[in-house]
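Asks: My structure is below; once you've seen it, I'll send some questions.
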Amino acid sequence: MAVIRTSLVDLKVNGNGAYAFLAQPDDDQKHPGVVMIQEWWGIEPHIQDLAQKLATEGFIVAVPDLYHGKIATEPNDALKMMMTMIHEKMDRAIKEITGALETLKAMPSVEPKKLGLIGFCVGGLLTYKVAERYADLAAAVPFYAGGYDPQPENVAHVTAPILAIYGRYDESIPMEQVEKVERVYKEASKDITVKVYDAGHAFLNPMHGMGNEKAAAEAWPLAVRFLKEKLS
């Protein structure tokens, strides 16, 4: 059984208050680094649990707290917080995610220096957005990323291979949107693999009545294998 060490790390961006939850193997070895991006709830126990699960697989994982200490427990509050972030504070969120990537890259225990990025729900959207802007990614894994409308001029800047994961019965993400994402990336000759499971939105998260054990049991190991392969 692996031993995981957790801590908080200052991201030194956007003034005071920007920090990340850090989970890493409790050893003196070098490990690949991954930034994980929250769902619309914030850094709730589910996201911390996923970060620790990923750390047990041999990664150093940073989760920037894009809500700065706030966690939504009701969907209406989560929606308001997410919409504020997307429409008013998107640049701040991207800057803090980039700050988490740069913080990992600067850690002596993180090797290689090309990093992984994984996000869920609005974090999946932000995964795509950061991949369009940040060159030092070895892999990006957006889970059920709603609201992403890729434009060829932005996709042209993506350098990382992408594993995009969706639920077929996700009422917030029409299959036409998923097909467009795949089409635009492939027309730009980008490395993208799209996997669609027989599940709804947020199927990895059992905390809010949205989990799907069968889909989660397939999708999570696939994501871990993808990150290990690309960051090895």
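Asks: If the reach is capped at under 20 angstrom between alpha carbons, list the aspartates and glutamates near K95, excluding any in the same chain fewer than eight residues apart.
Replies: The reachable aspartates and glutamates, counting only those whose Cα sits under 20 Å from K95, are D10, E39, D65, E132, D136.
Asks: What are the equivalent ellipsoid semi-axes of the chain, built from the alpha-carbon gyration tensor (square roots of five times its eigenvalues), in whole angstrom, biggest first?
Replies: 24, 20, 19
Asks: In Å², what does the accessible area per residue of the chain work out to with a 1.4 Å probe?
Replies: With all protein chains present, the chain gives 45 Å² per residue.
Asks: Which order do L79, L204, L222 take when ranked by solvent-accessible area (1.4 Å probe, heavy atoms of all protein chains), largest first?
Replies: Solvent-accessible surface, decreasing: L79, L222, L204.
Asks: Ignoring everything but the protein chains, give the 1.4 Å probe accessible area of F120 in square angstrom, nearest 10.
Replies: 0
Asks: Counting only protein heavy atoms and using a 1.4 Å probe, what share of the accessible area of the chain belongs to carbon plus sulfur, as a whole percent?
Replies: Of all accessible area on the chain, carbon and sulfur atoms account for 51 percent.
Asks: For K129, list the aspartates and glutamates whose Cα falls under 12 Å from its own Cα; do not include residues on the same chain fewer than 8 positions away.
Replies: Those aspartates and glutamates meeting the cut-off are D91, D149.
Asks: In addition: For the stretch 178-186, take each phi angle, set θ = phi - 60°, evaluate the Karplus expression 6.51 cos²θ - 1.76 cosθ + 1.60, and give the result in whole Hz per residue in order, putting x for glycine and proline.
Replies: 4, 5, 5, 4, 4, 5, 5, 5, 6
Asks: For Cα pairs less than 8 Å apart in space and 6+ apart in sequence, what is the mean separation divided by the residue count of the stretch 59-156, i.e. the relative contact order in percent?
Replies: 22
Asks: Take the residue pairs K53/K114; K12/K113; K12/K214 and return only those whose Cα atoms are more than 31 Å apart.
Replies: As for pairs spanning more than 31 Å Cα to Cα, those are K12/K214.
Asks: What figure in square angstrom, to the nearest 10, would you give for the accessible area of T193 with a 1.4 Å probe?
Replies: The value for T193 is about 60 Å².
Asks: Given the peptides 58-64, 180-186, 128-134, arrange them by the average over their residues of other C-beta atoms within 10 Å, most packed first.
Replies: 58-64, 128-134, 180-186
Asks: Hey, what did the stretch 110-187 get for relative contact order, percent, Cα under 8 Å, at least 6 apart?
Replies: It comes to 28 percent, rounded to a whole number.
Asks: Hey, another quick one. Note down the magnitude of the dipole of the chain about its Cα centre, charges +1 on Lys and Arg C-beta and -1 on Asp and Glu C-beta and zero elsewhere, to the nearest 20 debye.
Replies: In total the dipole reaches around 460 debye.
Asks: Counting only C-alpha contacts under 8 Å and six or more residues apart, can you give the relative contact order of the chain as a whole percent?
Replies: The normalised contact order for the chain reaches 17 percent.
The values are calculated or read from the model by the stated rules, or taken from the named source; none is laboratory data. Predicted model, so just to flag it, every value in this text is computed and none were measured. No Cβ is skipped: glycine too gets one built from the backbone with ideal geometry, and neighbour counts run over all protein chains shown. These accessible areas exclude ligands, DNA and RNA; they are computed on the full protein's heavy atoms, side chains included. Shrake-Rupley method; radii C 1.70, N 1.55, O 1.52, S 1.80 Å.
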